[in-house]
1. Which length gain, in nm to one decimal place, applies between Val28 and His114 when the Cα-Cα distance is subtracted from 0.36 nm times their residue separation?
2. How much length is gained on full extension from Phe199 to Phe18, taking 0.36 nm per residue of separation minus their Cα-Cα distance?
3. Counting Lys and Arg as +1 and Asp and Glu as -1, what is the net charge of the other residues whose Cβ lies under 14 Å from the Cβ of Ala41?
4. Please determine, in degrees from 0 to 90 and to the nearest 10, the orientation of helix 94-107 with respect to the longest principal axis defined by the Cα atoms of the chain, where the helix direction is its Cα long axis.
5. How would you rank 265-271, 102-108, highest first, on the average number of other Cβ atoms within 10 Å across their residues?
6. Note down the nm distance, to one decimal, between modelled labels 7 Å out along Cα→Cβ at Met320 and at Val304.
7. Once you have the Cα-Cα distance between Ser139 and Ile103, take 0.36 nm times their residue separation minus that, and quote the gain in nm to one decimal.
8. Hey, what do the phi angles of region 192-207 turn into as Karplus ³J(HN,Hα) couplings, whole Hz, using 6.51/-1.76/1.60 and θ = phi - 60°, x for Gly and Pro?
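What follows draws every value from the coordinates through simple rules; no lab data is involved. These numbers were taken from a predicted model, which means no experiment stands behind them. All Cβ positions, even for glycine, are placed from backbone atoms using ideal geometry, and neighbour counts span all protein chains on display.
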Amino acid sequence: MSHNDSHPSSLPLRMAPFSAVLVGGGVVLGVVGIALAFLLAPTSQRALAALHFNWMFWSSVAIGMVVFSVALHLTHARWAWSIKRFSLAGSAFLPVSFVIFPIMLFMGRNVFFHHWLPHGGHDPRQSDPVLHAKAAWLSFPGMMVRDMVALVVLYGLALLFTYHQLRPDMHGRGWGRPTDDAVAVAEDAYRRNLKIGVFTALAFAFGWGLIAIDIGMTTLPHFFSTMFPVTFFISAFHSAIAMTIVMVVLHRKSLGLESYITEKQFHDIGKLLFAFAVFWMYINWSQYVVIWYGLLPTEQEYFVRKFNQPFGPYVMATVMLIFVVPFFGLLPRAVKKASPILAGFAVLVLLGHWMERFLLATPNYWEESWGHIGIGLPEILMALGFLGLFVACYRFFLSRYPVLPSPVSLNAIPSGLVTFPAPTRVRPAEA
């Protein structure tokens, strides 16, 4: 990264103006989009499948953005000081994600988990030896409890991290005691988040990995891969970088941030977008190649369902959008510095990860009776609904809290420079 260790000594208060069109319109779009997806879907099962993978995508983006901010904090990334809040704003969607999750899981349990969930007086876990061995884990009440606990811990830590990131800049405006020293508050918040950030990162790895196993891998209960949770949260982190780029480019000019978000920031975050595209391909190849060499039927089924028709073209498009196009397109330095072009690549990456979430579990339980097989109007309407809710939450955050940190907050970041004492000349001993 092209680090710049200097920070401005004075900064304007930048907050997005509250927009009833964006916030209220986003909520309306969210409600209408989700409702239309259920009304226009050929079957309720297909609408629930669309709800399933869209929840996975948009929730992954939101929590991934907070974890990206955590990573910048733990690494003392001074280069990203002016874009850090754009990533942190993803936390505003977490309460919506938390509310939708149990509703989605309860309504769609007979769709997502029909391979092992008891139905019609028959329990597949008793007649299938593989499912019988996993019976203790394949329990819907147990799944609901452990996943809700995982979300409470993960989202709680993410929101606590967000609180301490904003606390120094909200000091005196209802946060904290007015008599507290602002410098001490900023230093205390920074130190606290060094600890909270570590636990948040660990909760993301283990908690989001647990979510991946329960609502992704168990939709095909014979399939097992230790790399599956890793691919799930790496995709979340990569899509979070892409969404951060898009939001920075969309708000940079309207908020007058051209002097604070320059080519240097775009170049550095563009390198991260490129690097994690390569890492995403490496992780997914690592999962695939072991299963391919192992020739295990229970593991190969996961890929057979996706690589064959009608889902095969979606797999090719996903690889092109997430890896191939960004790999060759982001190689030139000038491309990463050109914010509109970089945002275009970020949109392609987001589209690729949205399709990846569709492929993650939907082919495992898709039925031909649901109508057109693939991505159609119900899936797009559901995506627009979630997009509306995400934009409403995101814009509310930017209108409520400062987009740029205060100089007091910036001064709490360690310099990162190493100083050495001046060398002293020692005279040789006289003969």
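1. Numbers: separation 86, 0.36 × 86 = 30.96 nm, distance 3.28 nm.
That works out to 27.7 nm of additional length.
2. Working: separation 181, 0.36 × 181 = 65.16 nm, distance 3.31 nm.
Result for the pair: 61.9 nm of gain on full extension.
3. Details: positive: Arg46; negative: Glu367, Glu379.
That works out to -1.
4. Taking the Cα atoms of the chain, the angle to 94-107 is about 10 degrees.
5. Working: 265-271: 21.6, 102-108: 15.6.
In descending order of packing, they fall as 265-271, 102-108.
6. The modelled label-to-label distance comes out at 2.7 nm.
7. On the way: separation 36, 0.36 × 36 = 12.96 nm, distance 1.72 nm.
Taking 0.36 nm per residue and subtracting the Cα distance, the gain is 11.2 nm.
8. Result, ordered by residue: 4, 6, 5, 7, 4, x, 4, 5, 5, 5, 5, 5, 5, 5, 7, x Hz.
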